[in-house]
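Just below is one structure, and these are the notes that go with it.
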Amino acid sequence: MKQLYYKVDKCLGCKSCEIACAVAHSLSGELFNTLQEEVLSLPRKKVLYYKDKNYPVSCRHCKEPKCVDACMAKALVYDKEKGMVLHDTERCVGCWMCVMVCPYAAIRPNLKTKIPLRCDRCNDKDNPACVEACPTGAIIWQEETGLRV
Amino acid sequence: MEEIKAKSIDQATQEILRKAKEENIKTAWERLEAQQPQCGFGQLGLCCTICNMGPCRIDPFGEGAQMGVCGANQDTIAARNLARKIAAGAAAHSDHGRDVAETLSLMAKGQAHDYAILDIEKLKALAEEFDIDTHRNEKEIVQELARKLLAEFGRQEAELVFLTRAPKKRQAIWKKLGILPRGIDREIVELLHTTNMGVDNDYRNLITTSLCCALSDGWGGSMVATELQDIILGSPQPVRGKVNLGVLKKDYVNVVVHGHEPILSEMAVKASQDAELIKLAKSKGAQGINLAGICCTANEVLMRHGIPVAGNFLQQELAIITGAVEVMMVDAQCIMPALKEVASCFHTKLITTNPKARFPGVIHIEFHPEKAYEVAKEIIKLAIENFSNRDKDRVDIPKQEVDLVSGFTKEIIFQILGGRYRASYKPLNEAIISGRLRGVAGVVGCNNPKQTHDYFHTTLVKELIKNDVLVLQTGCSAIASAKQGLLIPEAAEAYAGKGLKEICEAVGIPPVLHLGSCVDNSRILTAASQIIAEGGLGEDLSDLPAAGCAPEWMSEKALAIGFYFVASGIYTIFGASPFPILGSKNLTDYLTSGLEQLIGGRFEFCADPLKMARLMLEHIDKKRQALNLRPVMYA
């Protein structure tokens, strides 16, 4: 099962991953047109900053996800096979409980659509858009088991 | 295979790209790939690096910072970034013009013996424009003209002399907007000043200043370059030539001139024909010396001497990869830093000649007009000596070598249409008025690996001439069309609409006219002004059934050109990717629509050559209608 990892020392904070994420989740899939769309696609990933380091943050798809427990609408389900928290936007009521309980502040409220935003690892694509977009290779997409520290 | 076809429609280019791949030599296309993804903030114009409180970025999604540290918003940031590019583009053209004017000045002082006044008629005409008594002796005229032209650069008030070439109505618009350039250098300096931290924060005002700066290029620096090059190097006449990498010759010492400033390459032409040097080349086993060009230096020596063109901007590395180039001598502008690496894969010697454009670790033989021929001979000699170092097994010269006719100027179009003794634009005006010709289009500009090389230029040009639009070209765009066989009179038969074909057959011209290098876009401005002066097509340049396009642009110089075309009232389309301003909706809307009310011209961004053609035709038809012209004859 592949996971997203980060070499924070390599992150220069250009936020290209944010732009790529928003574009990947837009209707057009292309930068200039993304900005023209009626419902603006927003990034599910944010580069946060703490003590001289940049941290690209998005949903880590925890094995024991607090957000799933907290979801009163049962809009969130942990899919063991995919190793992902799935978000049923139809069921979601926008109560922001998942945003509140996430220990990584990785779930973002979209105040316009009243629905939280979360990383879906670009679903069926081979590589998530953020991985492709990172100019410095700070975002790594690899098997959990292959991880070397 | 398919991948290479997506890179270029030109077969010679495809062939050398295959060779490059086999030999693992990287070119602009691979470097573009390695740059992916290119920064979205930069593409949108939302990154500001002007002061050291930054770099600042505006979040285009509206969530994060909407102001830089200083408080500049997306409109100010995008407009300032664009303005700086226009200033740099205008500076490049104008500094080129200054160098030519300085050469003229040295000639007047008797210090540039290798040059002579080759177009005395034009010298006198220009002297008259500058209020110089033409009855004086030639040396005095030259002296006075050089002084007055150099003064145009440092002029502080009133306006540039060449601006009076524009129709009266256009001059009045410039005056009303306060954008009559005072001095060539002054407008560049002022524009740079206004983009400094904490000066001009109004994107509309920044654009007004940019328009003024661009005018000081088109009707100033570039025009000085064109006019003086004609006087010193000779005015072009229609001339046959050949184009594409096939012009490099297997058994000859191949010297490629590349860049923009023809003052030295003119001497290289002479040196390549020097009997002694040819003898030396033969003694080294070569059959002779073959000079060829890349980019605008190529256009200059093609226009005046029929020297073959090896290719346009994206072919500069490829010429070296043929393995057959002994020396590539470069002057300034559009010279890829990558040439050094590519040349190091072969025996090719890269030689820089301009003190402003140097590469670390590359042979530098500095050009001075005072010893021009000497320098040119030294370089050609180096090439001859390098011939024996050529690895014959690594030579692959594509066979593509296409005929073309070049050498059209505003004076020549005048003569061809009306005849030498009754030179006139009247037949051209009448052709447009009667509807035999729909209108005129300028298709100019660079190459950009973001688009299939040459595809946009040639697809657009073919579609325009098919619809009876006479196409005027310069720069790398002209070279693109030449490679596809559009610059020969026979192209009218194959590609032009019925009306344009009739005209081409009657006067024996190609449907696409090559007007020269990118500073020669100034020829288009003066030609258009003379069309207005001829009468029947309105009173201002913005009345003309005409449009402009830079389909594959990449250089800041293209932005300066685009701005002086729009400032002159011409509808102008930019292809490749749009200006890096789309992060500012206000600025984008202003340039693509609001500007038209102000100045009569506007920009359009379009990434499909057939759509570009459609937009240009629609615009031309709109202008025809406004002039109450008859419908197009063969629609």
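The values are calculated or read from the model by the stated rules, or taken from the named source; none is laboratory data. Everything numeric here is computed off the predicted structure, so don't read it as measured data. Note that each Cβ is placed from the backbone with ideal geometry, even for glycine, and that neighbours are counted across all protein chains shown.
Inside segment A:33-57, can you point out the residues that are within 11 Å of chain B (Cβ to nearest Cβ) and not in a loop (DSSP other than H, G, I, E, B)? Selection gives A:Asn33, A:Thr34, A:Lys46, A:Val47. A residue that is more than 17 Å from the chain's Cα centre (by Cα), within 12 Å of chain B (Cβ to nearest Cβ), outside any loop (DSSP other than H, G, I, E, B) and not aliphatic (A, V, I, L, M) occurs somewhere in segment A:19-32. Out of the residues in segment B:1-37 meeting the condition of being exposed (fewer than 14 other Cβ atoms within 10 Å of the Cβ) and within 11 Å of chain A (Cβ to nearest Cβ), tell me which one is modelled with the lowest pLDDT. Out of the qualifying residues, it is B:Gln36. Residues that are within 12 Å of another protein chain (Cβ to nearest Cβ) and in a loop (DSSP other than H, G, I, E, B) within segment A:102-113 comprise A:Leu111, A:Lys112, listed in sequence order. A single entry from B:Gly600, B:Gly594, B:Gly575 fulfils the requirement of being modelled with pLDDT under 95 and out of contact with any Lys or Arg (no Cβ under 6 Å at 6 or more places or on another chain): B:Gly575. Would you call A:Arg91 on the phi < 0 side of the Ramachandran plot, of a type in the set (D, E, K, R) and within 14 Å of chain B (Cβ to nearest Cβ)? Against the criterion (on the phi < 0 side of the Ramachandran plot, of a type in the set (D, E, K, R) and within 14 Å of chain B (Cβ to nearest Cβ)), A:Arg91 does not qualify.
Any idea which of A:Thr136, A:Thr145 is surrounded by 12 or more Cβ atoms within 10 Å (Cβ to Cβ), in the same structural domain as A:Gly13 (by TED's automatic domain parsing) and either in a loop (DSSP other than H, G, I, E, B) or among the polar types (S, T, N, Q) (or both)? Give the steps one after another, and end with the answer.
Working: A:Thr145 fails: surrounded by 12 or more Cβ atoms within 10 Å (Cβ to Cβ).
Answer to the selection: A:Thr136.
If you go through segment B:65-92 and keep only what is of a type in the set (Val, Ile, Thr), surrounded by fewer than 22 Cβ atoms within 10 Å (Cβ to Cβ) and under 14 Å from B:Thr208 (Cα atoms), you end up with nothing. The combined condition, being away from every other protein chain (no Cβ under 14 Å) and part of a loop (DSSP other than H, G, I, E, B), is fulfilled by B:Gly71.
Among the residues of segment A:97-116, is any farther than 24 Å from A:Cys17 by Cα and surrounded by 17 or more Cβ atoms within 10 Å (Cβ to Cβ)? Yes, there is a match, as at least one residue in segment A:97-116 is farther than 24 Å from A:Cys17 by Cα and surrounded by 17 or more Cβ atoms within 10 Å (Cβ to Cβ). Note on segment B:51-68: residues that are within 19 Å of B:Asn586 (Cβ to Cβ) and more than 13 Å from chain A (Cβ to nearest Cβ) amount to 3.
Listed conditions (1) crowded, with 20+ Cβ neighbours inside 10 Å; (2) over 20 Å from B:Arg57 (Cβ atoms); (3) small (Gly, Ala, Ser) are all met by A:Gly29, apart from (1). Would you say A:Val77 is surrounded by 12 or more Cβ atoms within 10 Å (Cβ to Cβ), more than 14 Å from chain B (Cβ to nearest Cβ) and without any contact (Cβ under 8 Å) to a residue 12 or more places away in the chain? Spelling it out, A:Val77 is indeed surrounded by 12 or more Cβ atoms within 10 Å (Cβ to Cβ), more than 14 Å from chain B (Cβ to nearest Cβ) and without any contact (Cβ under 8 Å) to a residue 12 or more places away in the chain. Checked against (1) under 24 Å from the mean Cα position of the chain (by Cα); (2) of a type in the set (A, V, I, L, M); (3) within 16 Å of B:Leu248 (Cβ to Cβ), B:Ile413 meets all criteria but (3). Taken over segment B:279-296, residues that are buried (at least 19 other Cβ atoms within 10 Å of the Cβ) and either without any contact (Cβ under 8 Å) to a residue 60 or more places away in the chain or assigned to a loop (DSSP other than H, G, I, E, B) (or both) amount to 6. Taken over segment A:9-18, the residue count meeting the criterion of being surrounded by fewer than 21 Cβ atoms within 10 Å (Cβ to Cβ) and facing another protein chain (nearest Cβ under 10 Å) is 1. Pairs meeting the criteria (first residue in segment A:114-139 and within 12 Å of chain B (Cβ to nearest Cβ) and small (Gly, Ala, Ser), second residue part of a loop (DSSP other than H, G, I, E, B) and surrounded by fewer than 18 Cβ atoms within 10 Å (Cβ to Cβ), beta carbons under 8 Å, at least 6 apart or on different chains) are A:Ala133/B:Pro37. For segment B:588-618, the candidate set comprises residues that are in a loop (DSSP other than H, G, I, E, B) and of a type outside the set (A, V, I, L, M); within that set, the residue that is nearest to B:Ser522 (Cα to Cα) is B:Gly601. Among the residues in segment B:580-587, are any in contact (Cβ under 8 Å) with a residue 40 or more places away in the chain, assigned to a helix (DSSP H, G or I), buried (at least 24 other Cβ atoms within 10 Å of the Cβ) and within 14 Å of chain A (Cβ to nearest Cβ)? Checked against the condition, which is being in contact (Cβ under 8 Å) with a residue 40 or more places away in the chain, assigned to a helix (DSSP H, G or I), buried (at least 24 other Cβ atoms within 10 Å of the Cβ) and within 14 Å of chain A (Cβ to nearest Cβ), segment B:580-587 yields at least one hit.
Among the residues making up segment B:429-454, a single one is touching a strand residue (DSSP E or B) at 6+ places or on another chain (Cβ under 8 Å) and part of a helix (DSSP H, G or I): B:Ile432. Against the list (1) surrounded by fewer than 24 Cβ atoms within 10 Å (Cβ to Cβ); (2) out of contact with any Lys or Arg (no Cβ under 6 Å at 6 or more places or on another chain), the condition B:Gly435 fails is (2).
Just one of the listed residues (A:Leu4, A:Leu86) is under 17 Å from A:Ala133 (Cβ atoms) and either in contact with a Gly (Cβ under 9 Å, 6 or more places away or on another chain) or not in a helix (DSSP H, G or I) (or both), and it is A:Leu4. What are the pairs, 6+ residues apart or on separate chains, where a residue within segment B:126-148 that is farther than 11 Å from B:Ala108 by Cβ has its Cβ under 9 Å from a residue that is modelled with pLDDT under 95 and crowded, with 18+ Cβ neighbours inside 10 Å? Partner pairs satisfying both residue conditions: none exist.
Across segment B:465-478, the qualifying residues are those that are over 19 Å from B:Gly562 (Cα atoms) and buried (at least 24 other Cβ atoms within 10 Å of the Cβ), and the one among them that is farthest from the chain's Cα centre (by Cα) is B:Asp468.
Within segment A:58-74, does at least one residue satisfy the condition of being within 14 Å of chain B (Cβ to nearest Cβ), in contact with a Cys (Cβ under 7 Å, 6 or more places away or on another chain), crowded, with 16+ Cβ neighbours inside 10 Å and assigned to a loop (DSSP other than H, G, I, E, B)? The answer is no, given that none of the residues of segment A:58-74 is within 14 Å of chain B (Cβ to nearest Cβ), in contact with a Cys (Cβ under 7 Å, 6 or more places away or on another chain), crowded, with 16+ Cβ neighbours inside 10 Å and assigned to a loop (DSSP other than H, G, I, E, B). Scanning segment B:600-622 for residues that are surrounded by fewer than 22 Cβ atoms within 10 Å (Cβ to Cβ), in contact with a Gly (Cβ under 7 Å, 6 or more places away or on another chain) and away from chain A (no Cβ under 14 Å) turns up just one, B:Gly600.
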